[in-house]
Every structure is written in C-alpha cells, then in structure tokens.
Amino acid sequence: MAEDARARGVSPGGTYKTLDEQREVLSPAEEKFERARQTIGLFLGPVAFLIMYFAPLPLDANQQALAAILSFTIVYWLSEAIPIPITAILALALCVLLAVPPIESGSDDSASDIVYGSFASDTIFLFIGAFIIAQAMRTHGLDRRFAFRVLSLPGVAKSTYGVIIAFGAIAALISAFISNTATAAMLLPIGLGMMGALGGLVSEQSDEDTADVSRLRFGTALMLMISYGAGVGGLLTPIGTPPNLIGIEFIEQETDATITFFGWVLTALPICLIMFAALCVILIALNRPEVRRISGADRYINEQRREIGPLSRGEKNTLIVFGVAVSLWVLPGVVALLFGNESEIYGAVGDRLDEGTVAIIAATLLFLLPIDWARRRFTMNWNEAVRIDWGTVILFGCGIALGTLLSETGLAEVLGKGIAESLGVTSLLAVSAVSALIAIIISETTSNTASATIVVPIVIPIAAAAGLDPVIPALAAVFGASFGFMMPVSTPQNAVVYGSGMIPITKMVRSGISFDIIGIILIVLLIPVMARLTGLV
C-alpha cells in the first residue's frame, strides 16, 4: 500500500523541490526565470546579511544581528536558493553563533538552549501526530476512497459543473486534516483520470473546435479547483496548514488569548464556506466548460470504486483513530460551551487534552491496532510513518524560534512601531487589511509557512503600537498567508496542478488575482465578527 501511495504522487519531501526536480513541469521560459531567481538570491542573501549587520542602525547588538539574519533568511526563502527548511535551520545556527538570544545574568541557559528549545513546543508534536494520521490515510487509500465516494453522489458526474464543484469540495474537506500539498497530489491523478475518461466526451459533445483535450476550459477549471479548494479547506482547522499552527503559537505566546481547536473551526467556517462558494462561481465563470451536461462519467467512477473494493482493515483502523483524534480535539470546546471556560471541569479537560497530546495518543494507536495479528502487522509501521513531510516540521519549529526571538530581543516591537508610524494606520480595519495584504504578497513568492513566520510576529506589535487588540490583525495575517493563488510558485499545490499541463499561466494569474482580492475582503470583514462571536477576543 505504501508503494501505491507513492505512485499517486504523495511521496515525502515533494513540498520543497529543487530546480532540477521541477524541470519536467517547467517551460523553458519558466526554467530560465527560476534559475535566475535562485542564482540572484544565492549571492544577494549574504550581501543583505553583511549590509544589515554592519550598517549604523539604532538597534541593540542582538537586535541588529537578528535583523541581519532575518534579511538573509527572507532573501533565501523568497529566492529558494537552497531548500527552505535548510535555510531555516541555518538561520537558527547563525542565531546561536552571533549570540542573538538575550540571556539573563545568572541563568544556566545557553544560546543554543533558547534557540533550539522551541522544538519542545507541544504544537510541534501536534504537527507530527497529525502528519502520521494523514500518512495512514494515504497509505491505506482512505483519501482516494473518500474522493470517489463523493463523485458517485447522484447527479455529480453527469455535469461538468458538478464534477468541478465536487472536486473542490473533496479537496477542501481532505485538506482540513491532511496537508494541502498531499491533498492536491492525491487528487491530481484522479482528476487526470477523469479528464482521460471525460475529455473526449466533452470534445465530442462541444460545438467548439476542441481537438486538444489538454486545452479544454473544463480541464483548466478542474485543475485550478483542486489547488484552490485545498488552499481554502486548509484554513478550516488548526492542523489544516502550517501557518494556522504558527499563528496560534505566536498569538498565545504574545497575548492572553487561548485558541482551541473548536474555537478556530467556528471562526474559520463562514470564511471557508463563502470563499468556497466564490471559488465555484468565479472559476466556472472565468473558465466556463465547453458543455454543461456529459454522459459516461458515472461509468468511469463506478469502475474505479469497484477496483477499490470494500473497506480494508487498515482503513477501518485509520477511521477509528481519526474519529478519536477529532473527538478529543473538539471535547474541550464542547466542555467550555456546556460548563463555561472558567469551570474546574474545563480546566481539568483543557490542561490534559491539549492538541499536541491528543495527536500523539491518536497516532500511537495506529501502531497498536492490528491488521494481521498473527503476523504482528499493525495499521502503521515506523518505516511508513517516517515518510511524513519532515521538512515542514523543521520549518515550523524554526519559524517558532525566529518569531520568539523577534519578540524577546524587542526587534518585533521596533519594526511594528516603525511600520505603524510610516503607514499611519490606527484603526482595526486598516491594520487587519494591511496585515492580510502583506501576508498575501509574501505568500505569492514563497512558502505560506515562511509568510506566516515573517508577518505574524511583526503584526502583533503593530497592533499594540496602535492601541488595538493584536489577535484580530494576527489572525488576518495567518489567513492571508494561505491565500496565494496567482502563480505556480505561490503554493506547492499550485505547482502540483500546474504540472498537469492543462493550466495556461495567464488563466492562473487571472483567477488568482480575483481570489486574492476576495480573500482580503472576507478576512477584513469576517474575522473581527467571528473572533468576537466565538470568544477568541
């Protein structure tokens, strides 16, 4: 089964590909641009570091050293001169070498203890546990079964609109619990299979000259919906995408707010629903399929479902573990609703069932529930589990460390006040809009995880300098970090579907601009309302 998972394109480490690994999906012009971007960044990063380190700036020594390291890191993240997680690790090593962490006199902590201590965060273990559960779903084919089950719903496969919307719904629901990249990688071969089965039918039934199936607007809309649906769905839960957890960690460190799994879902739900509705309407309007009704799709889907067969023991065990994890993640929020968040029972449940502990307990069950007891074969083994995306886990831990250092050295406060004064923004609406806009712009050129790591720690002091509650602007930055829709390099899932050859770059840019604008509007209007209704502020 693990081999099947790799064949479906979800092999580990696919999130951070080198130029050499991407050559097959890049056009000559795109390859030339990427080579120039990475080469320029490779030399510009050290130059930026030296300029910032030796420039006569009104900063303390450790603040200036951190500013130099961040300048180097941001250039390398934006250019992807070396893999993004490696840049993150190098940044932490530089923080230790240059004695960035402020150490109180008499403390036994060393610089390395402070810098690398962020990897002991319970959020890191939440990430690892959730990734292992997601890996079990992919290993046993539970994600693929779910996709074909949705496509087999009455009426879905008879309409091009229905197929597009169904793929978007599948992508959104799966990516709420599995990484956006893995969701897109899993759905891409299913989508290509659908195009192989339906593309000819659409061409035959169309009045237009559509001999080249790869140029069908139906295919363009389908591929874009896979990517964009995964991006929107990733916002629904804290574990859906790395920026969510990074934002939660920073917000809880720097404010008195506590963001529960349940509270996050309630806050994100209306934004995700409205954004998904906008995806359906605008994607289909901009890439209107050649025909509305098609015949023969249900036959293909039924064949695929017959090949999958009944639920395997591994799938059943994975469903049990997934149900346990979600139930325990939601339980503290339910207890808070029933008994109040000041009650003793909520304190007892909340303290013991933090999200990281639940994730590790649930993931451990995968190694205890047997598939074949006689052979001592369990739902997961360690060699399958280690195929999770460790690069993202490393990047996440480094992001927490850099954000913490921004706060502890006082550099975030200096930057926040400087930006607030230069922009002159003082209202909650304006600060939230600027936060979301900056996060979206950065996420269009680099990892959304890197975007959240850069923006959220700076946004919090910007809001504080303006005398505002920082939680809402920080949430706006977190959501904005996941709204990179314009370019193939904006998000890994964009790159995955762009490799299908069915998406002209102009159509991705045109569609992406529309959704970036809609995303900013929804973030600014809905986050303040939902955060107050759910008690986050």
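Quick note: the coordinates plus some simple rules give every number you see, no bench work behind them. It should be emphasised that the depicted structure is a prediction, and the values quoted were computed from it without experimental measurement. Cβ atoms come from the backbone with ideal geometry, glycine included; neighbour counts cover every protein chain shown.
Values for this structure:
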item	result
Percent of Cα-Cα distances greater than 47 Å, calculated over the chain	10
Label point distance in nm, E30-K417, each placed 7 Å from Cα along Cα→Cβ	4.6
Sequence-distant residues sharing a close amide H with I371 (under 5 Å, placed H)	R377, F378, T379
Chain lengthening between K158 and Q253 when straightened (0.36 nm per residue, less Cα-Cα)	29.2 nm
Residue order, fewest to most surrounding Cβ atoms within 10 angstrom, among T181, T18	T18, T181
Whether region 123-385 is rounded, prolate or oblate, judged on the alpha carbon gyration tensor where a/c under 1.5 counts as rounded	oblate
Paramagnetic reach from F43 (point 7 Å along Cα→Cβ, amide N under 13 Å) across region 77-118	none
Lysines whose Cα lies under 27 Å from that of K17, excluding same-chain neighbours fewer than 8 positions away	K32, K507
Translational diffusion coefficient (Stokes-Einstein; Kirkwood radius from C-alpha pairs) of region 315-390 at 25 °C, 0.890 mPa s, in µm²/s	175
Peptide ranges 44-56, 315-327 listed from the most packed, as the mean C-beta count within 10 angstrom indicates	315-327, 44-56
Dipole magnitude of the chain about its Cα centre (Cβ charges: Lys, Arg +1; Asp, Glu -1), debye to nearest 20	1980
Among 134-147, 348-361, the order from most to least packed when residues are scored by Cβ within 10 Å on average	134-147, 348-361
Net dipole in debye of region 123-385 [+1 Lys, Arg Cβ; -1 Asp, Glu Cβ; about Cα centre; nearest 20]	1120
Label zone at R292 (point 7 Å along Cα-to-Cβ), backbone N below 18 Å, region 137-165	155-165
Amide H contacts of S159 (H built 1.01 Å from N, under 5 Å, at least 5 apart or other chain)	I294
L97 versus K316: modelled label distance in nm, points set 7 Å from Cα along the beta carbon direction	5.6
Lys/Arg +1, Asp/Glu -1 at C-beta; the chain dipole; positive extreme among M486, A348, L428	M486
Gain on full stretching of the segment that runs from V330 to V281 - 0.36 nm per residue minus C-alpha separation	14.5 nm
At least 24 Å along the helix axis (C-alpha) and Kyte average at least -1.0, DSSP helices within the chain	28-54, 61-79, 122-139, 180-205, 261-286, 313-339, 390-409, 448-465, 505-533
Helix-only CD estimate at 222 nm, as mean residue ellipticity for the chain, using -39500 (n - 2.57) per DSSP H run (n ≥ 4)	-23000 deg cm²/dmol
Label-point separation in nm, T357 to D60, each point 7 Å along Cα→Cβ	3.5
